[in-house]
1. Do we find a residue being touching a Gly at 6+ places or on another chain (Cβ under 9 Å) and open to solvent by 40 Å² or more (accessible area, probe 1.4 Å) anywhere in segment 40-49?
2. Which ranges mark the strands (runs of 3 or more DSSP E) fully within segment 211-330 that have 2 or more residues being of a type in the set (Asp, Glu) and more than 16 Å from the ligand (Cβ to nearest atom)?
3. Looking at (1) in a helix (DSSP H, G or I); (2) open to solvent by 10 Å² or more (accessible area, probe 1.4 Å), which one does Ile58 not meet, given that it meets all the others?
4. Quick check on Asn2: is it away from the ligand (no atom under 16 Å from the Cβ) and under 20 Å from Ser413 (Cα atoms)?
5. Scanning segment 130-142 for residues that are under 13 Å from Pro107 (Cα atoms) and part of a loop (DSSP other than H, G, I, E, B), which turns out most open to solvent (accessible area, probe 1.4 Å)?
6. Can you name every residue in segment 211-240 that is closer than 17 Å to Arg272 by Cα and in contact with a helix residue (DSSP H, G or I) (Cβ under 6 Å, 6 or more places away or on another chain)?
7. Condition check: in contact with an Asp or Glu (Cβ under 7 Å, 6 or more places away or on another chain), among the charged types (D, E, K, R) and either farther than 30 Å from Gln420 by Cβ or not assigned by TED's automatic domain parsing to the domain that holds His232 (or both). Does Arg355 satisfy that?
8. If only one of Glu365, Glu402, Glu373 is open to solvent by 20 Å² or more (accessible area, probe 1.4 Å), in a strand (DSSP E or B) and not aromatic (Phe, Trp, Tyr), which one is it?
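The values are calculated or read from the model by the stated rules, or taken from the named source; none is laboratory data. All of these numbers come straight from a predicted model, not from anything done at the bench. Neighbour counts are summed over all protein chains in view; Cβ atoms, including those assigned to glycine, are modelled from backbone coordinates with ideal geometry. What goes into the accessible areas is simple: the full protein's heavy atoms, side chains included, and nothing from ligands, DNA or RNA. Shrake-Rupley method; radii C 1.70, N 1.55, O 1.52, S 1.80 Å.
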Amino acid sequence: MNRILIGAQWGDEGKGKMIDLLAEKSDIIVRFQGGNNAGHTVCVNGKKFILHLIPSGILHRNKVCVIGNGVVIDPEAFFDEVDMLLRSGISVKGRLFVSNQAHLIFPYHRLLDRLKEEGGKRTTKIGTTKRGIGPCYADKVARLGIRVIDLMNPDYFKERLQNVLEERNLTLRKIYGHPGLSFKEIYTQYCRFGEKLAPFVRDTALYLYEASEKRKKILFEGAQGTLLDVDHGTYPYVTSSNASVGGAISGTGVTPTLIDRVIGVVKAYTTRVGEGPFPTQFPPGLLERIQKKGEEFGATTGRPRRCGWFDVVIARHSARINGLDELAVMKLDVLSGVDRLKIGVGYRHGGKVYRNYPAETPILEKCEVIYEELPGWKEEITKVRRWKGLPTNAKRYLSRLEKLVGVPVKIVSVGSDRAQTIFL
Ligand code: IMP
């Protein structure tokens, strides 16, 4: 069984915990897009791990993890994470592979990301993680990128870096009044990274093909969420990769016919970090309350996440784009004690009602949300392990979400620990 796990909102849905659970039933876990902008939190035996770049499946000691060609790799972040794992007694030797075709994040990508974000009105502020993700993907598409495999050939890498850096330094000087970066420093540092990376590097598309021939079970670990997808999200307030299901194909080199199931992960409410429209955002008061109870602070940047009601319009959009077979609903426990629960079921704008996701940013920014209301429940549910044990109103809420989104709920999470999970 090969499965793709996708964030069906704006990221931070709780994919880390889900990957951790599903990894047990898989042989290989693959990241296919994004980079160290992600933050997948996993709690194992009371210890909290946050992984940004390496697939969260690495915490299972006998599983193989792959970083596919669609991921952008900051070598410094990669080795920081390898070291963190080693310090926790988790070895990656012989079971962590990096695609030779993945693109590399360079210091000028991080610098440009920061300067752009701080550039006031000259560019639209996106609220990026400033990890250099956008500029790296931009270079990839502009054919100015440098790939992992290029590091393996120092002469070729030298020539390539010289050309690219010349262009990037021109941008830094002419647009941002920055003196530019030193070729020698970057070249020396990245040649060292190349040597250290070499044992991890593979043709991962071929590796995955051969593994699938041997009937190995592959789990594709999505990062961010569908509404942050560069094609299907709330553009321009998106990340620069395909965080929806298509990314799993192009970002690994496997064929779609290999995929058996697509699992969508949603929170029982909605959150988003960074700028951009968020129709169902909570009013002040409830916002701070849920932020605090749900510990809604970014795993990568520490920024407070904006929180809001469950939005069926975006969830249905995700279900359609990704062909979701099932839903995992996370953090249901956070809603305990909220008197009345609202579910956003449509948007009203300019005299029109939208039941399907409208791509127009101004509509998403200014629409009035049409809500359904349901009674909440008071009981704490963190110790519940079976559907039967949930309060009636919690079951009613989940059943309504399932009906409105049109995808069966198969997993409900009531806490961060592996054990705090209800399988339906
Ligand atoms: P970037 O991916 O750093 O370019 O950021 C682009 C947008 O995606 C910003 O709004 C970020 O806050 C958001 N973003 C990036 N990665 C994540 C994530 O893992 N979870 C939630 N939001 C993210």
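1. Checked segment 40-49: at least one residue is touching a Gly at 6+ places or on another chain (Cβ under 9 Å) and open to solvent by 40 Å² or more (accessible area, probe 1.4 Å).
2. Qualifying strands (runs of 3 or more DSSP E): none found.
3. Answer for Ile58: the failing condition is (2).
4. Values: away from the ligand (no atom under 16 Å from the Cβ): yes; under 20 Å from Ser413 (Cα atoms): no.
No, not satisfied.
5. So, considering only residues that are under 13 Å from Pro107 (Cα atoms) and part of a loop (DSSP other than H, G, I, E, B), the one most open to solvent (accessible area, probe 1.4 Å) is Lys130.
6. Within segment 211-240, the subset closer than 17 Å to Arg272 by Cα is 222-230, 232-240.
Scanning segment 211-240 gives Thr226, Leu227, His232, Gly233, Thr234, Val238, Thr239, Ser240.
7. So Arg355 fails the test.
8. On the way: Glu365 fails: in a strand (DSSP E or B); Glu402 fails: in a strand (DSSP E or B).
One residue alone meets the criteria, Glu373.
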